[in-house]
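First up is the structure itself, then whatever we jot down about it.
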There are 2 protein chains.
Amino acid sequence: MKKFAFALHGGAGTILKSAMTPEKEKAYRNALSQALSAGESILKHGGSAIDAVEKAVIEMENSALFNAGYGSVFTHDISHELDASIMDGNGRRAGAVAGIKRIKNPISLCRKIMDKSEHVFLLAEGAEAFAREEGEELVPESYYSTDSRKEQLLKIRDSLKTQLDHADDQLKKFGTVGAVALDTAGNLGAATSTGGITNKRFSRVGDTAIIGSGTYAENGVCAISSTGWGEYFIRCVAAYEVAALMKYGKMSIEDAAGKLINETIPEMGGDGGVIGVDQGGNITMPFNTEGMYRAKVDSESGPQIYIYR
Amino acid sequence: MKKFAFALHGGAGTILKSAMTPEKEKAYRNALSQALSAGESILKHGGSAIDAVEKAVIEMENSALFNAGYGSVFTHDISHELDASIMDGNGRRAGAVAGIKRIKNPISLCRKIMDKSEHVFLLAEGAEAFAREEGEELVPESYYSTDSRKEQLLKIRDSLKTQLDHADDQLKKFGTVGAVALDTAGNLGAATSTGGITNKRFSRVGDTAIIGSGTYAENGVCAISSTGWGEYFIRCVAAYEVAALMKYGKMSIEDAAGKLINETIPEMGGDGGVIGVDQGGNITMPFNTEGMYRAKVDSESGPQIYIYR
């Protein structure tokens with residue numbers, strides 16, 4: 001039984017070692033390490049799981065490397081629409097947003113919705129109006145406009161004209177960030193945030209905004225954050241599926257998350273990964289893609305950071 | 001084992017017999033009966049569960065009596081924002097929309113998203129742009145503006161100024177419509193649609209748009225449609241909870257839905273109801289409110305329509 005445990009991900013997908021430079025890999029490892037120690041530092045000083053997952057996700061939202069917050073990908077219309085959700089295992093309270101265009105840290109807005117409103121899920125301008133009433137400063141939409149993401153969009157938009165298969169492959173590069181934690185008081189928490197998929201149209205929302213699919217936390221069971229092909233994660237209610245297999249199927253978190261990622265999701269035709277922690281502080285981080293940016297730490301072992309299988 | 005089975009709801013909530021006139025009750029019974037026979041007629045001629053649930057929800061969306069489609073309640077800004085979702089148990093395919101302002105039948109847009117796009121969940125204007133590309137005609141927002149709903153809004157807005165508790169009570173009158181079906185080919189389907197809550201702000205979305213909370217269908221297990229205080233249904237992943245209790249907890253649909261509605265939801269502080277059908281054609285319709293507009297029919301028994309406990 002660990003006193004605290006903490007894990008995070010920066011997205012699963014086609015992360016090929018052959019396409020990675022040593023400099024880029026170092027930058028990712030540094031960013032993961034920084035987010036990990038932000039969460040760890042809260043937990044080892046007796047802070048709450050929900051504070052730790054929020055803080056770690058804020059760190060990743062503020063980095064240009066991950067597809068969330070500042071580093072969010074562009075939509076087809078050269079715009080941005082961000083999704084996020086958070087859940088406190090203590091009381092199963094939750095907050096979620098979708099279609100966000102003007103909030104620096106969508107995960108903190110989720111936290112405010114959870115703590116200060118009677119609602120769980122707010123959309124787009126409505127969510128931003130709530131943020132304004134809560135005194136939050138809105139950022140201009142250009143805040144998210146990094147050059148590398150715009151380049152990605154233009155490349156995909158061009159290739160879509162001539163080469164559909166290739167474009168499909170590009171769309172599958174999942175970028176999502178997330179964190180799960182067990183704190184020293186025995187509370188579980190989970191948080192997930194994303195910029196969606198490059199070149200997306202029609203205000204498509206994936207699993208990241210959906211409590212039960214992208215994010216779930218319940219004291220006594222587990223905390224889960226998903227990353228992957230969102231449509232499949234919605235259709236199999238991915239995050240809660242892990243909890244249900246544990247609660248009613250009496251599975252360990254490792255077996256439950258493994259079944260989801262190695263059987264259910266691929267059998268439906270999807271792919272991706274999850275991170276999870278249970279009430280005993282056991283961490284699992286399965287994925288069925290080439291790689292998943294991920295890191296973990298607990299009260300008994302030091303930080304561990306991984307990218308590939 | 002029934003050849004087909006069909007059930008629908010027109011919302012759970014504070015439906016007091018003392019506040020109901022004989023004329024009003026007759027109008028509700030007629031509307032429920034019409035929607036029921038629209039679905040039944042498809043199923044008894046060998047049509048699909050997904051066609052039956054879509055058709056029955058369209059009937060209710062087109063009625064001024066239910067809070068969905070034409071009869072949708074007003075938001076705080078004297079506007080409308082509709083949510084809906086549909087799921088085919090055959091392949092666990094799904095479609096969902098939130099924040100809709102210009103679609104006559106949101107449930108049919110969900111069906112189109114499920115059948116014709118690679119996505120599951122589209123928002124607001126994005127979903128409407130997809131509808132336009134699919135050749136669907138958009139309605140002016142005034143289409144949903146019925147006098148009785150505007151009167152409800154103005155009454156609540158006024159009372160909010162002076163009497164918060166009373167207003168809270170009013171907000172709890174849940175209006176949602178939904179249907180579940182088992183067809184003669186053994187496929188299950190579920191659909192749910194709503195105008196949300198009167199006087200809502202910040203583009204709040206409840207469980208109706210959420211696959212796993214408002215709607216869920218999986219062949220071999222069950223089809224579920226929820227109605228109730230949406231925030232609680234999201235936080236306990238209500239629709240999938242019933243399926244999980246059946247799949248992994250080996251419960252009957254009656255026990256699983258009963259546990260959700262009589263234990264889990266009220267223990268969290270919420271209320272509402274669900275309708276469900278399992279692979280054997282067993283229908284359950286539990287609720288913990290004063291009443292729930294509901295009806296059912298199957299290959300062995302004629303139509304049955306209920307309002308109160």
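Which helices (runs of 4 or more DSSP H) does the stretch B:210-309 wholly contain that include 1 or more residues that are in contact with a Leu (Cβ under 7 Å, 6 or more places away or on another chain)?
Working: elements: B:230-235, B:238-247, B:253-259, B:265-268.
Result: B:238-247, B:253-259.
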Pairs, first over 24 Å from A:A127 (Cα atoms) and more than 13 Å from chain A (Cβ to nearest Cβ) in the stretch B:96-124, second open to solvent by 10 Å² or more (accessible area, probe 1.4 Å) and assigned to a loop (DSSP other than H, G, I, E, B), C-beta under 7 Å, six or more apart: B:K104/B:V139
Residue within the stretch A:132-141 that is within 14 Å of another protein chain (Cβ to nearest Cβ) and touching a strand residue (DSSP E or B) at 6+ places or on another chain (Cβ under 8 Å) present: no
Unmet criterion (only one of (1) within 22 Å of A:G95 (Cα to Cα); (2) more than 9 Å from every other protein chain (Cβ to nearest Cβ)) for B:A217: (1)
Number of the exception - B:I210 against (1) of a type in the set (V, I, T); (2) within 12 Å of another protein chain (Cβ to nearest Cβ); (3) more than 29 Å from B:G91 (Cβ to Cβ): (3)
Test: residue in the stretch A:36-48 that is within 19 Å of A:V180 (Cα to Cα) and within 15 Å of the chain's Cα centre (by Cα): yes
Residue ID - nearest to A:R149 (Cα to Cα), chosen from residues in the stretch A:41-90 that are buried (at least 24 other Cβ atoms within 10 Å of the Cβ) and hydroxyl-bearing (S, T, Y): A:S72
Where B:L182 falls short, out of the listed (1) more than 14 Å from chain A (Cβ to nearest Cβ); (2) touching an Asp or Glu at 6+ places or on another chain (Cβ under 8 Å); (3) open to solvent by 10 Å² or more (accessible area, probe 1.4 Å): (3)
Count - residues of the stretch A:224-238 that are closer than 24 Å to A:E61 by Cα and out of contact with any Gly (no Cβ under 6 Å at 6 or more places or on another chain): 4
Yes/no for B:R93 being at the interface with another protein chain (Cβ under 10 Å from one of its Cβ atoms), out of contact with any His (no Cβ under 8 Å at 6 or more places or on another chain) and surrounded by fewer than 24 Cβ atoms within 10 Å (Cβ to Cβ): yes
Top-ranked residue of the stretch A:220-252 - restricted to ones that are open to solvent by less than 10 Å² (accessible area, probe 1.4 Å) and over 18 Å from the mean Cα position of the chain (by Cα), ranked as nearest to the other protein chains (Cβ to nearest Cβ): A:A244
Residues of the stretch A:4-22 that turn out to be open to solvent by 10 Å² or more (accessible area, probe 1.4 Å) and modelled with pLDDT under 95, as a count: 9
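The values are calculated or read from the model by the stated rules, or taken from the named source; none is laboratory data. Everything numeric in this text was worked out from a predicted model, so none of it was measured. Don't worry about glycine lacking a Cβ; one is built from the backbone with ideal geometry, like all the others, and counts go over all protein chains shown. These area figures cover heavy atoms from the full protein model, side chains too; ligands, DNA and RNA do not enter into them. Shrake-Rupley method; radii C 1.70, N 1.55, O 1.52, S 1.80 Å.
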